[in-house]
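Accompanying notes for the structure given below.
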Amino acid sequence: MPWKFVPTQREVRVKPGESALAFYTAENRSSKPITGVSTYNVTPMKAAVYFNKIQCFCFEEQRLLPGEQIDMPVFFYIDPEFETDARMDGINNLILSYTFFKVSEE
């Protein structure tokens with residue numbers, strides 16, 4: 001898909017129980033309108049159960065015109081139980097990533 005998709009900030013520091021906003025920028029680099037939809041992934045996988053989206057662009061269709069650039073926010077929190085789960089010992093970073101797919105427009 002000819003979109004450029006990048007985080008606005010490379011890192012967001014958040015304590016378990018606190019909500020936070022992360023921003024991404026998407027740009028359609030093609031000469032045609034494109035509708036895309038994304039899925040997300042959190043790693044390490046065993047910590048993903050503690051990542052909670054409050055509001056996200058993921059799973060919603062996004063239509064960008066040629067050359068259009070938009071900001072895409074994600075509002076989230078890390079469940080406070082993350083801190084008391086012994087399986088999370090040594091995990092200090094969660095990585096949030098996205099994969100975009102072009103929506104068929106027939």
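Pull out all pairs, ordered by first then second residue, where Cβ-Cβ is under 9 Å, the residues are six or more apart or on different chains, the first lies in the range 15-30 and is of a type in the set (Lys, Arg), and the second is open to solvent by 40 Å² or more (accessible area, probe 1.4 Å).
Correct list of pairs: LYS15/PRO80; LYS15/GLU83; ARG29/PRO2; ARG29/LYS4; ARG29/PRO66; ARG29/GLY67.
Mind telling me which of the residues ALA48, ALA22 ends up being hydrophobic (A, V, I, L, M, F, W, C), outside any loop (DSSP other than H, G, I, E, B) and more than 13 Å from VAL74 (Cα to Cα)?
ALA48
Please enumerate the residues belonging to the range 70-106 that are of a type in the set (S, T, N, Q) and closer than 21 Å to VAL12 by Cβ.
Within the range 70-106, ASN92, ASN93, SER97, THR99 meet the criteria.
Can you pull out the residues in the range 56-106 that are exposed (fewer than 12 other Cβ atoms within 10 Å of the Cβ), within 15 Å of ILE34 (Cα to Cα) and either of a type in the set (S, T, N, Q) or in contact with a Gly (Cβ under 8 Å, 6 or more places away or on another chain) (or both)?
GLU61, PHE101, SER104, listed by residue number.
Tell me the residue from PHE57, PHE76 that is in a loop (DSSP other than H, G, I, E, B), in contact (Cβ under 8 Å) with a residue 12 or more places away in the chain and not polar (S, T, N, Q), please.
Numbers: PHE76 fails: in a loop (DSSP other than H, G, I, E, B).
Only one candidate qualifies: PHE57.
The values are calculated or read from the model by the stated rules, or taken from the named source; none is laboratory data. A quick note: this is a predicted structure, and the numbers were derived from the prediction, not measured. As a convention, Cβ positions derive from the backbone with ideal geometry for all residues, glycine included, and neighbour counts pool all protein chains shown. We work out accessible area using only protein heavy atoms, side chains counted, and drop any ligands, DNA or RNA first. Shrake-Rupley method; radii C 1.70, N 1.55, O 1.52, S 1.80 Å.
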